[in-house]
Amino acid sequence: MAFPRQRMRRLRQHESLRRLVRETNLTPDDFIYPLFVTVGDNQKTPINSMPGQFRWSIDLLVKEATEAYQLGVSAVMLFGIPDRKDARGSSAYDSKGIVQQAVRALKKQVPDLLVITDVCIDEYTDHGHCGVVKDGRILNDETLECLRLMARTHADAGVDMVAPSDMMDGRVGAIRDELDQAGFPDMPIMSYAAKYASNLYAPFREAAGSSPSFGDRRSYQMDPANAREAIREVELDVEEGADIVMVKPALPYLDVIAQTRSLVSIPIAAYQVSGEYSMIKAAGQQGWIDESQVMMETLLSIKRAGADLILTYFAKDAAQVLNSSRT
Ligand code: PBG
């Protein structure tokens, strides 16, 4: 039975009807808001390539996170910008480091907000790589020791979940062991399982001052050409004990999100990264697209592809749109 008996447009005639048959709905509960935290007091430094995003000192970070929480965003992801960097990224696993302090402040002042931390040393190394470097190579197993310490100091500070983003092999298992031995068997791990060597991280690297001083990240992050390899990455992370797996970036990798969805039953996160955010912002500022509409369409598409959680710099703005469309 086809046209004229079948008419696809029947169910598209009224907004109420469209709402009734809508397959995918966003809520502020879907979002994780990434935030950059840095030293100092009363500091809110704009990030040029990410209009509307800032590097926050802890006092103002608490305010920003509180605002997000009040809008219905239930989780934040923290990235630290330390005041000193060295070859092994030791300020990343200092119990008084910037992220450790920020976690303590947030858990004290906004206890119900879920605090997640990025576990990776690139913002803390003077060479900008995500691992320990020797003779121009990024060492895998030596880096695991740094990641263990970093995760444990975050756990000691009271974080709710850790998210390793370095792409070293075996990191999820190493961090799981460390957390279990240190008395944190209930601490969940969200692994950046399929993280591609993407050019869309450029604005983030400006924000965090974490561009590699030599070479690139292609010896550890994935080749954008590969989708089957993402399946292996996901399978391995699940085996090692990941509770949530992430695909990153999001919009150019919807096929990877969809394939991951058909493979695993655990929650999937997708990261709408800095470059995705900046492209929408820039075109919006030019008047070439409607920023708010494109923001919602991209987030919806990421969820439709199979993501349960979305890391997005638009978290607050999108929550606002959703809240106002409900009243
Ligand atoms: C590594 C990390 C990066 C991002 C998240 N975690 C940078 C990188 O891999 O170079 C990028 C996020 C974004 O672009 O929004 N600590």
* Asked: If you count the DSSP beta bridges with both ends in the chain, what percent of them are antiparallel, to the nearest 5?
  -> 15
* Structure fact -> Expressed per residue, the solvent accessible area of the range 24-326 in Å² (1.4 Å probe) is about 40
* Rounded, prolate or oblate: which fits the range 24-326 when a ≥ b ≥ c are the square roots of the eigenvalues of the alpha-carbon gyration tensor, with rounded for a/c under 1.5 and prolate only if a/b beats b/c? -> rounded
* To do: Just need the relative contact order of the range 24-326 here, percent rounded to a whole number, with Cα pairs under 8 Å and 6+ apart.
  => 19
* Structure fact -> Projected convex hull area of the range 1-126, Cα atoms, direction-averaged, in nm², equals 12.4
* **Residue-averaged [θ]222 nm for the chain, counting only DSSP H segments that reach four residues, each worth -39500 (n - 2.57)** => -12500 deg cm²/dmol
* Counting DSSP beta bridges with both ends in the range 1-158, the antiparallel % (nearest 5) -> 30
* Loop only per DSSP, at most 13 neighbouring Cβ atoms within 10 Å: give me the chymotrypsin sites (Phe, Trp or Tyr not before Pro) in the range 229-327, ordered by residue number. => TRP288
* Take each of the peptides 92-101, 50-59, average the number of other beta-carbon atoms within 10 Å over its residues, and list them starting from the highest. => 92-101, 50-59
* Asked: By average Cβ neighbour count within 10 Å, what is the ranking of 20-28, 171-179 from highest down?
  -> 171-179, 20-28
* For the range 27-32, take each phi angle, set θ = phi - 60°, evaluate the Karplus expression 6.51 cos²θ - 1.76 cosθ + 1.60, and give the result in whole Hz per residue in order, putting x for glycine and proline. => 9, x, 5, 6, 9, 10
* On a C-alpha basis, how far is the centre of the range 283-327 from the centre of the range 75-133 in Å? Whole number, if you could? => 27
* Mind checking the dipole of the range 175-230: about its Cα centre, +1 per Lys or Arg Cβ, -1 per Asp or Glu Cβ, Debye to the nearest 20? -> 280
* To do: For ALA227, put the label point 7 Å out on the Cα→Cβ axis and report which residues of the range 245-286 keep their amide N under 16 Å from it.
  => 247-264
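The values are calculated or read from the model by the stated rules, or taken from the named source; none is laboratory data. Bear in mind that the values here come from a model prediction, so they are computed numbers and not experimental data. Here the Cβ is made from the backbone with ideal geometry for all residues, glycine too, and neighbour counts use every protein chain on show. The accessibility values were calculated without ligands, DNA or RNA, using every heavy atom of the protein model including side chains. Shrake-Rupley method; radii C 1.70, N 1.55, O 1.52, S 1.80 Å.
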